[in-house]
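Inspection log for the structure reproduced underneath, given as structure tokens.
The values are calculated or read from the model by the stated rules, or taken from the named source; none is laboratory data. All of these numbers come straight from a predicted model, not from anything done at the bench. Every residue, glycine among them, receives a Cβ derived from its backbone with ideal geometry; neighbour counts consider all protein chains shown. What goes into the accessible areas is simple: the full protein's heavy atoms, side chains included, and nothing from ligands, DNA or RNA. Shrake-Rupley method; radii C 1.70, N 1.55, O 1.52, S 1.80 Å.
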Amino acid sequence: HWCGGTLRAATAQLDYIASMGFDCVWMAPVVKQPSASFCYNDTGCIDGYHGYWGEDLYSIDPHFGTHADLKAFSAGVRERGMCLMMDTVVHHMRPVASRADLAAMVPFNETGDYWTEGMGVNETFDEYAHHPMQALTAGCNPGECDDQQRVERGWFFDLPALRIGGSERVRAQLDRWIRYMVDEF
């Protein structure tokens, strides 16, 4: 669950960070995460506290702060001669169990934005979302898999894999978003 850490609090610590000799700040993704917890049968419920479940790439998650808070943080980093690296996720988005889950996602809210490797001929997206091709197979940890297609096109459990390299729309949307983040912050 969320355990603190806001952009305003980090901004207040920039002098301290700079005094330690750091020349760059690397921050977790701050894009909007789903507002609801996701509950799994045997592991309980979890939130997107880590920033890796992007729901709206153009909004800042309110747990971290606001658009203005991120601009102030970025400006504060630059004023101290440091660089800012913003962690981004371009493989997948938030958990998806059905087509309806895509409605809140910005900008990737169409089923065609995601890989559906192994989808049956008469199968719906909703049916596929309950058994997508997994990026990781049993006993195969990241870096140990030799099936590149599975790694690139497979879902991480219920996190849908974006059709990078397979969709002009996805490529264009990612380019637009990355340009926005660089120009805006």
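Order 27-33, 16-22, 88-94, 106-112 from most to least packed using the mean count of other Cβ atoms within 10 Å.
Details: 27-33: 21.1, 16-22: 11.1, 88-94: 19.6, 106-112: 16.3.
So the order, starting with the most tightly packed, is 27-33, 88-94, 106-112, 16-22.
Roll a 1.4 angstrom probe over the protein heavy atoms and tell me the percent of accessible area of the stretch 3-140 that is carbon or sulfur. Numbers along the way, then the final one.
On the way: 4150 of 7270 Å².
Of all accessible area on the stretch 3-140, carbon and sulfur atoms account for 57 percent.
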Have a look at H131, W2, A161 and report the one farthest towards the positive end of the charge dipole of the chain, computed about the Cα centre with Cβ charges (Lys/Arg +1, Asp/Glu -1). W2
Can you work out ³J(HN,Hα) from phi for every residue in the stretch 27-39, in order, using Karplus 6.51 cos²θ - 1.76 cosθ + 1.60 and θ = phi - 60°, giving whole Hz and x for Gly and Pro? 10, 5, x, 10, 5, 4, 9, x, 7, 9, 6, 10, 10
Rank by packing, highest mean first: peptides 126-133, 2-9, with packing defined as the count of other Cβ atoms within 10 Å averaged across residues. 126-133, 2-9
Cα-projected label distance for F38 with L136, points at 7 Å along beta-carbon direction, nm: 1.3
For V31, enumerate residues with amide H under 5 Å from its amide H, sequence gap 5+ or separate chain, H modeled in the peptide plane. D61
In degrees, nearest 10, range 0 to 90: what is the angle between the Cα axis of helix 67-79 and the longest Cα principal axis of the chain? 50
All alpha-carbon distances of the stretch 11-50, grouped into 10 Å bins from 0, give the whole-percent distribution 23, 29, 23, 20, 5
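Please work out the average accessible area per residue across the chain, using the 1.4 Å probe convention, and give it in Å². Write down the numbers at each step before the final one.
Values: 10300 Å² over 185 residues.
Accessible area per residue: 56 Å².
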Between 0 and 90 degrees, rounded to the nearest ten: what's the tilt of helix 168-184 against the longest Cα principal axis of the chain? 10
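Using 1/(1 + (r/R0)^6) with R0 = 30 angstrom and r between the beta carbons of M119 and L84, what's the FRET efficiency to the nearest 0.05? All intermediate terms of the calculation are to be shown ahead of the outcome.
Values: r = 40 Å, r/R0 = 1.32.
About 0.15, to the nearest 0.05.
By its C-alpha gyration tensor, with a ≥ b ≥ c as the square roots of the eigenvalues, how is the stretch 1-109 shaped: rounded for a/c under 1.5, else prolate for a/b larger than b/c, else oblate?
On the way: a/c = 2.63, a/b = 2.02, b/c = 1.30.
Here the stretch 1-109 falls in the prolate category.
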Charges only on Cβ, +1 for Lys and Arg, -1 for Asp and Glu: so what's the dipole of the stretch 1-145 about the Cα centre, in debye to the nearest 20? 580
Viscosity 0.692 mPa s, temperature 37 °C: Stokes-Einstein D of the stretch 29-175 from its Kirkwood Cα radius, in µm² per second? 196
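May I ask you to derive the FRET efficiency for M20 and T111 from their Cβ-Cβ distance with R0 = 30 Å, giving the value to the nearest 0.05? Provide the component values of the computation, followed by the final result.
Details: r = 47 Å, r/R0 = 1.57.
Once rounded, the FRET efficiency stands at 0.05.
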